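Laboratory data are not the source of any read-out in this text; all were calculated from the coordinates shown. Here the structure is a predicted model, which means the values were calculated and not measured. Every residue, glycine as well, gets a Cβ built from its backbone with ideal geometry; the counts of neighbours run over all protein chains shown.
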Amino acid sequence: MFRNLMKTAIAIILLSIVQNIDAQEATEIYIPVGQSPGLSGEYTTLGKISKINTNKRTISMSDSAGSYNLKITDKTKIWLDRSKLKLRNKKGSIKDVREGMLAEVKYQKNKQGGSVEWIKVQLVE
């Protein structure tokens, strides 16, 4: 009996963790750059876009710590943060990314320097 109760408790805990992760992914598009609860500053990098190569699908970004080369894959989500314009955020593409934009990047498997899971760029005009 106790063993079954423990298995059920563990299953409930694991299910709630997975649901929280799914909820974060589903709502991330709507969160402004640099304000993702539990992610911004801990699992993401915030900086300015310094170079874009749409043919190679690479983006360079820099912050006070240095420069980063980002690999955009077919699975990378690109979001346009339009909150400063008082508009709803929306999906974008590498063609929407411009030099000088403030961006927040989350790497796949939280490993900096690898492929990018998502990139959010802030539109101000």
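Between D74 and N55, the distance separating the two model label sites (each 7 Å from Cα on the Cα→Cβ line) works out to 2.1 nm. Stretching the chain fully between K84 and S115 yields a gain of 8.4 nm (0.36 nm per residue, less the alpha carbon separation).
Here the range 31-122 is treated as an ellipsoid with the same Cα gyration tensor; its semi-axes, largest first and in whole Å, are 18, 16, 13.
Remark: the A65-T27 segment gains 10.8 nm on full extension, using 0.36 nm per residue and subtracting the alpha carbon distance.
Peptides 44-57, 63-76, ordered by how many other C-beta atoms sit within 10 Å of their residues on average, highest first, read 44-57, 63-76.
Counting only aspartates and glutamates at least 8 places from K84 when in the same chain, those with an alpha carbon closer than 20 Å to its own are E28, D96, E99, E104, E125. In straight-distance terms, cross-link reach from K91 covers every one of the lysines whose alpha-carbon lies under 27 Å from its own, apart from those fewer than eight places away in the same chain; here that gives K48, K51, K56, K71, K75, K77, K106, K109, K111, K120. Residues whose amide H lies under 5 Å from that of K77, counting only those 5 or more places away or on a different chain, are W118, I119; hydrogens are built 1.01 Å from N in the peptide plane.
Around the amide H of N89, modelled in the peptide plane, lie the amide H atoms of R82, all under 5 Å away and 5 or more residues distant in sequence or on another chain.
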